[in-house]
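Engineer: My questions will all concern the structure given below.
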């Protein structure tokens, strides 16, 4: 496959350094104003191909994943239980928990510290919800995805790489179901 045949979008922003994202399965170049796309595409060619192949492999598995049906109340109760459990385990608490539909991630944890949960998570199996909540709350201890962070994650979830892959696969499954449902 040729690099230039791979579809991508460009977003120019007021930033200092360019970056590449594949969060939704499509390549997004986030560039400072005036930055040329050719240089960044050539510089990161092998990473782009590797990530594109990973996405192709994940897309083959989408139809093997079952979406869980649960009520909004069941989902919120589950999140509250997991937050309480993880707060004790990590020795860290949260100010607030917010629920909203997010376009590119399952959840996020701010420095305030607030936890925002993507409403689409309610379609995930319990073990993935448990992982996402712990992952985000681990950021209360380690702000970045550094070695300390992944060490903390791997103590509780030795199979975290497999879980991360499943979350990526489910993203395509859940996002498509919701788009189809809302578009009907």
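Engineer: Could you identify the single residue in 171, 150 that is on the phi < 0 side of the Ramachandran plot and modelled with pLDDT of 95 or more? Full working, then the answer.
Structural biologist: Working: 171 fails: modelled with pLDDT of 95 or more.
Testing whether each residue is on the phi < 0 side of the Ramachandran plot and modelled with pLDDT of 95 or more leaves just 150.
Engineer: May I ask you to list the residues in the stretch 83-104 that are under 20 Å from residue 126 (Cβ atoms), surrounded by 15 or more Cβ atoms within 10 Å (Cβ to Cβ) and either touching a residue at least 40 places away in the same chain (Cβ under 8 Å) or out of contact with any strand residue (DSSP E or B) (no Cβ under 9 Å at 6 or more places or on another chain) (or both)?
Structural biologist: 83, 86, 90
The values are calculated or read from the model by the stated rules, or taken from the named source; none is laboratory data. Note that this is a predicted model, so its numbers are computed, not measured. Cβ sites come from the backbone with ideal geometry, for glycine too, and all protein chains shown count toward neighbours.
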